[in-house]
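Have a look at the structure below, then the notes.
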Amino acid sequence: MPFHRILFTGTFLIFWVQLLSQSIRGTVADQFTHSPIAFANIVVLGSDPMLGAVSDETGHFVLEHLRPGRYDVEVSFLGYETLIYREVLVSEVKDVELTIFLRETSVTLSEVVVKPKVQKERPLNPSAAVSARMLSVEEASRYAGGFDDPARLASAFAGVAGNVGSNGIVVRGNAPKSLQWKLEGVEIPNPNHFADLSSFGGGGLTALSSKLLANSDFLTSAFPAEYQNALSGVFDIFMRSGNNTKAEHTVELGIIGLDVASEGPFKKNSRASYLFNYRYSTLALLEPLLPENGGGVRYQDFSFKINLPTKKSGVFSLWGLGLKDFSGQNPVSDSTRWQYEGDRERQAANQGMAAGGLSHKWASGKSLIIRSIAAWTSNGLDLVTQNLNPDGALFPKNIIQSKLSTLVLKSSLSAKINNHWSWQSGFTLTGLIYDLSIRQAPFLKADLQTITAENGSSSQLAAYVSGSYRSAEKIEISGGLAYQRFMLNGRQLLEPRLGLRWMVSENNTFSLGYGKHSRLEKLNFYFAQNLAGEQINRNLDFSKSHHLVLGYDRKLGNNTRLKAEIYGQYLFNLPVIRDSSFSLVNLQSDFFFDDKLVNEGYGKNYGLDLTVEQYMTRGFYFMTTLSLYRSLYQGGDRIWRPTRFDKKLLANVLLGKEWMVGHGRQNILGINLRWNLQGGERYSPVDEQASLLARDVIFMETAAFSKSLSPSHVFHFTLKYKKNRKKISQEFALKVINVTNQTDFLGFRYNQLTRQVDENREAILIPNLSYRIDF
């Protein structure tokens with residue numbers, strides 16, 4: 001071949017590869033102090049020729065000229081454990097941003113043997129010894145049934161139960177309301193659209209877009225001392241920083257709505273960046289597949305993060321999240337067709353939630369870091385329900401006007417004394433500002449009676465101190481003490497925490513965790529009043545629990561592991577009604593609750609969680625989970641019974657496969673499946689005779705939750721095809737929740753036409769056909 005043709009061909013190939021290539025960018029930092037690590041080695045394993053980079057003085061690195069596909073990235077630095085990021089997905093147009101935390105070794109240089117660890121083996125929080133898992137953003141968008149929703153993704157993990165109609169999750173037998181959500185280190189209100197309407201702690205879909213989220217932690221028992229006001233679990237969510245080298249944009253259009261995201265630097269050669277996401281959705285196109293009036297639902301959300309690094313004053317970040325929802329229903333105009341009470345109801349609900357803050361992080365070398373946050377949160381609900389009379393007149397049934405805001409000041413100090421000892425401490429001061437009005441008519445055409453009417457302010461103080469020790473014998477011990485005080489009624493408490501990990505060999509690790517945990521109830525319960533206007537629950541105490549977990553983790557190969565945990569939880573100080581089977585531990589959703597409560601209830605959850613997982617390897621992954629458990633409670637009558645959430649059995653099978661296809665094998669075809677099995681829903685038997693007389697559902701409270709339905713099977717499916725071209729990437733996706741159209745059991749309702757009690761079930765099949773373009 002003539003030389004000029006060889007030169008032309010070679011130049012063309014180099015140009016073509018560069019056009020169809022992207023970068024992996026990121027930061028390498030110490031896991032405990034988050035201080036940057038300079039001169040760390042970053043290598044793409046298996047690349048030929050070898051691709052690598054070295055982090056600069058700020059910990060930043062760039063791996064350039066990568067073709068679309070998946071890569072294993074190894075990160076190492078002298079004195080730290082080597083870490084491997086498996087199957088990092090690189091696509092055309094958008095750079096991949098990694099934040100890599102390395103753990104300092106506790107051995108001397110002469111003892112160092114490089115044995116890389118897979119990034120997903122441990123949670124991001126180094127103090128979490130048991131019952132903690134890193135939530136991967138890429139998993140949230142890939143797993144079938146995840147729907148880009150952290151809560152729905154978590155329902156695939158061992159010990160976690162969920163359903164189709166709501167993303168409220170039951171963690172080891174605890175009610176969804178016992179779960180805490182944190183964003184950028186701050187506790188936030190329930191961040192779900194249509195939050196708390198069908199289930200306290202749940203909603204329809206999350207407002208946390210996977211396009212903004214960084215890898216985060218999900219904790220389910222015996223959490224470290226820094227986590228307070230959480231009884232069942234914690235979502236510790238963080239936002240990633242935007243690309244600070246070039247602008248990138250995403251537009252996604254699907255059956256459920258529009259999604260727009262953008263990120264980039266504020267100016268050239270600046271490390272400052274912006275990142276935002278806006279989503280608008282209407283379910284009108286899905287109305288034939290939804291419950292009656294479901295197509296009138298509308299929602300939107302907006303989230304952002306601005307990252308502002310400085311040379312000497314640390315890193316500032318401004319972040320925020322907001323959502324706005326509308327849902328409603330219209331009554332059936334023909335009174336002869338009023339089968340159930342809801343058929344005659346007109347309802348309109350407007351909801352809003354917001355959270356935002358200014359965070360600052362300052363490191364002194366590699367041994368000390370101070371984090372400070374000033375934040376604000378708000379959530380509100382305006383709901384009006386009216387009953388239609390046969391003559392066409394509307395009468396008020398209930399009205400909720402609720403607004404709660406918080407002002408948060410938080411600071412923490414983390415110090416690493418040496419490669420064996422470290423400690424941290426911090427405090428959070430939360431100011432509460434509330435305006436609550438809840439009214440309900442006791443019967444048709446009656447005047448509205450006040451359940452809650454309170455406006456004012458209060459505060460809550462939390463503080464903690466903790467320390468950890470790592471020995472050369474692969475033993476890690478962490479312990480701490482947490483303090484909380486609720487200024488509204490002066491209730492306060494101390495909570496000890498302890499964690500232990502023992503790596504008996506390279507492939508076998510035992511762990512032990514203990515913690516005392518507590519949580520406040522929804523604020524409106526404290527202001528519930530009787531007919532005389534007296535606030536009967538203002539002095540309500542924290543609900544409390546002891547958690548004990550024993551775990552075993554075994555590597556079955558480089559990319560496969562087995563994890564088993566035995567746990568027990570002893571709940572006490574639970575709000576109950578005296579001489580009744582009622583306990584607030586079973587409450588699903590009731591804004592109009594106004595009974596007198598006392599902290600005299602108990603509960604216990606115990607079980608076994610098993611997980612076998614293969615990380616993405618050569619385009620294939622799987623995860624199987626099995627949970628056997630019991631969840632029991634003791635109400636005000638001192639009798640032990642199953643809780644509402646005592647399903648006894650949970651099982652999941654997830655698997656997926658990706659193929660590199662197309663010209664140059666630069667496109668990606670992926671299929672993901674999930675099968676879920678759950679034990680039957682618990683329910684209280686219905687008193688048929690009393691229900692007929694009252695023309696309403698009356699339960700046999702002395703036999704509360706003694707019955708259960710048959711087990712349920714749910715199947716989810718996701719199909720994706722990503723097409724990579726120069727300067728543009730396109731993705732076509734079909735995501736289907738509940739392919740088999742399994743019905744959710746919502747309880748019972750009285751049938752006005754047949755004069756009998758019917759089961760209330762809904763079958764919700766949610767398909768989302770979408771088109772996404774990155775440029």
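Testing Lys416 on (1) closer than 27 Å to Tyr299 by Cα; (2) among the basic types (Lys, Arg); (3) open to solvent by less than 40 Å² (accessible area, probe 1.4 Å), one condition comes back false. Which one is that?
Checking Lys416 against (1) closer than 27 Å to Tyr299 by Cα; (2) among the basic types (Lys, Arg); (3) open to solvent by less than 40 Å² (accessible area, probe 1.4 Å), the one that fails is (1).
Need the failing condition index for Thr377 against (1) hydroxyl-bearing (Ser, Thr, Tyr); (2) more than 30 Å from Phe525 (Cα to Cα); (3) crowded, with 19+ Cβ neighbours inside 10 Å, just the number.
(2)
Looking only at segment 23-73, how many residues end up being within 22 Å of Lys416 (Cα to Cα), among the polar types (S, T, N, Q) and open to solvent by 40 Å² or more (accessible area, probe 1.4 Å)?
Count: 1.
So, in segment 429-480, exactly how many residues are closer than 19 Å to Leu520 by Cα and of a type in the set (A, V, I, L, M, F, W, C)?
Taking segment 429-480 and keeping what is closer than 19 Å to Leu520 by Cα, we get 429-436, 452, 454-464.
Of the ones still in play, those that are also of a type in the set (A, V, I, L, M, F, W, C) are 429, 432-433, 436, 461-463.
Total satisfying the criteria: 7.
What pairs can you find where one residue is in segment 190-207 and under 17 Å from Ser178 (Cβ atoms) and of a type in the set (A, V, I, L, M), the other is at pLDDT 90 or above and not in a loop (DSSP other than H, G, I, E, B), and their Cβ atoms are less than 8 Å apart, with a gap of 6+ or different chains?
Ala195/Gln351; Ala195/Met353; Ala195/Asn379
Kindly state which strands (runs of 3 or more DSSP E) lie completely within segment 92-201 and contain at least 1 residues that are open to solvent by 20 Å² or more (accessible area, probe 1.4 Å) and modelled with pLDDT under 90. Explain how you work it out, then say what you get.
Numbers: elements: 96-102, 132-135, 179-183.
Output list reads 96-102.
Considering Ala230, Ala207, which residue is out of contact with any helix residue (DSSP H, G or I) (no Cβ under 9 Å at 6 or more places or on another chain) and among the aliphatic types (A, V, I, L, M)? Walk me through how you get there before you give the answer.
Values: Ala230 fails: out of contact with any helix residue (DSSP H, G or I) (no Cβ under 9 Å at 6 or more places or on another chain).
Among Ala230, Ala207, only Ala207 is out of contact with any helix residue (DSSP H, G or I) (no Cβ under 9 Å at 6 or more places or on another chain) and among the aliphatic types (A, V, I, L, M).
Anything in segment 735-775 that is part of a loop (DSSP other than H, G, I, E, B), touching a residue at least 40 places away in the same chain (Cβ under 8 Å) and closer than 23 Å to Ser281 by Cβ? List them, or say none.
Asn738, Ile764, Leu765, Phe775
So for segment 715-733 (the condition being out of contact with any Asp or Glu (no Cβ under 7 Å at 6 or more places or on another chain), modelled with pLDDT of 95 or more, over 23 Å from Glu138 (Cβ atoms) and of a type outside the set (Asp, Glu)), does at least one residue qualify?
No: segment 715-733 contains no residue that is out of contact with any Asp or Glu (no Cβ under 7 Å at 6 or more places or on another chain), modelled with pLDDT of 95 or more, over 23 Å from Glu138 (Cβ atoms) and of a type outside the set (Asp, Glu).
Over 30 Å from Ala446 (Cβ atoms), among the basic types (Lys, Arg), touching a residue at least 60 places away in the same chain (Cβ under 8 Å) and out of contact with any helix residue (DSSP H, G or I) (no Cβ under 8 Å at 6 or more places or on another chain) - does that describe any residue in segment 305-317?
Residues of segment 305-317 over 30 Å from Ala446 (Cβ atoms): 305-317.
Among the residues that remain, those that are also among the basic types (Lys, Arg) are: 305, 311-312.
Now drop any that are not touching a residue at least 60 places away in the same chain (Cβ under 8 Å), which leaves 305.
From what's left, out of contact with any helix residue (DSSP H, G or I) (no Cβ under 8 Å at 6 or more places or on another chain): 305.
Yes; the residues of segment 305-317 include at least one that is over 30 Å from Ala446 (Cβ atoms), among the basic types (Lys, Arg), touching a residue at least 60 places away in the same chain (Cβ under 8 Å) and out of contact with any helix residue (DSSP H, G or I) (no Cβ under 8 Å at 6 or more places or on another chain).
How many residues are farther than 30 Å from Val90 by Cβ, open to solvent by 40 Å² or more (accessible area, probe 1.4 Å) and of a type in the set (Val, Ile, Thr) if we restrict to segment 633-664? If you could, list the steps in order and put the result at the bottom.
First pass over segment 633-664, keeping only residues farther than 30 Å from Val90 by Cβ: 633-651.
When the remaining residues are screened for being open to solvent by 40 Å² or more (accessible area, probe 1.4 Å), the result is 637-640, 644, 648-649.
When the remaining residues are screened for being of a type in the set (Val, Ile, Thr), the result is 639.
Total meeting the criteria: 1.
Is there a residue being assigned to a strand (DSSP E or B), over 30 Å from His517 (Cβ atoms), at pLDDT below 95 and not hydroxyl-bearing (Ser, Thr, Tyr) anywhere in segment 220-243? Please lay out each step first, then the result.
First, pick out the residues of segment 220-243 that are assigned to a strand (DSSP E or B): 233-237, 239.
If we keep only those that are over 30 Å from His517 (Cβ atoms) as well, we get none.
The answer is no, given that none of the residues of segment 220-243 is assigned to a strand (DSSP E or B), over 30 Å from His517 (Cβ atoms), at pLDDT below 95 and not hydroxyl-bearing (Ser, Thr, Tyr).
Which members of segment 430-458 meet the condition of being among the polar types (S, T, N, Q) and over 18 Å from Gln535 (Cβ atoms)? Break it down stepwise before answering.
To start, the set of residues in segment 430-458 that are among the polar types (S, T, N, Q) comprises 430, 437, 440, 449-450, 452, 455, 457-458.
Of everything in segment 430-458, just one residue is among the polar types (S, T, N, Q) and over 18 Å from Gln535 (Cβ atoms), namely Thr430.
Only residues that are of a type in the set (A, V, I, L, M) and under 26 Å from Lys727 (Cβ atoms): list them for segment 50-89, please.
Residues satisfying the conditions are Leu51, Ala53, Val62, Leu63, Leu66, Val73, Val88, Leu89.
Which one is nearest to Lys720 (Cα to Cα), of the residues in segment 244-253 that are open to solvent by 20 Å² or more (accessible area, probe 1.4 Å), of a type outside the set (Asp, Glu) and in a strand (DSSP E or B)?
Taking segment 244-253 and keeping what is open to solvent by 20 Å² or more (accessible area, probe 1.4 Å), we get 244-247, 249, 251-253.
With of a type outside the set (Asp, Glu) added as a condition, the list becomes 244-247, 249, 251, 253.
With the extra rule that they be in a strand (DSSP E or B), the set shrinks to 249, 251, 253.
On the way: His249: 20, Val251: 16, Leu253: 14 Å.
Taking the candidates together, the pick is Leu253.
Among the residues of segment 347-365, is any closer than 30 Å to Arg755 by Cβ, of a type outside the set (D, E, K, R) and surrounded by 17 or more Cβ atoms within 10 Å (Cβ to Cβ)?
Quick first cut of segment 347-365, residues closer than 30 Å to Arg755 by Cβ only: 347.
Subsequent filtering for residues that are of a type outside the set (D, E, K, R) retains 347.
Now narrow it down to the ones that are surrounded by 17 or more Cβ atoms within 10 Å (Cβ to Cβ): 347.
Yes, there is a match, as at least one residue in segment 347-365 is closer than 30 Å to Arg755 by Cβ, of a type outside the set (D, E, K, R) and surrounded by 17 or more Cβ atoms within 10 Å (Cβ to Cβ).
The values are calculated or read from the model by the stated rules, or taken from the named source; none is laboratory data. Small disclaimer: the values here were computed from a predicted structure and weren't measured. So basically every Cβ, Gly included, is an ideal-geometry build from the backbone, and we count neighbours across all protein chains shown. With ligands, DNA and RNA removed, areas are computed over all heavy atoms of the protein, side chains included. Shrake-Rupley method; radii C 1.70, N 1.55, O 1.52, S 1.80 Å.
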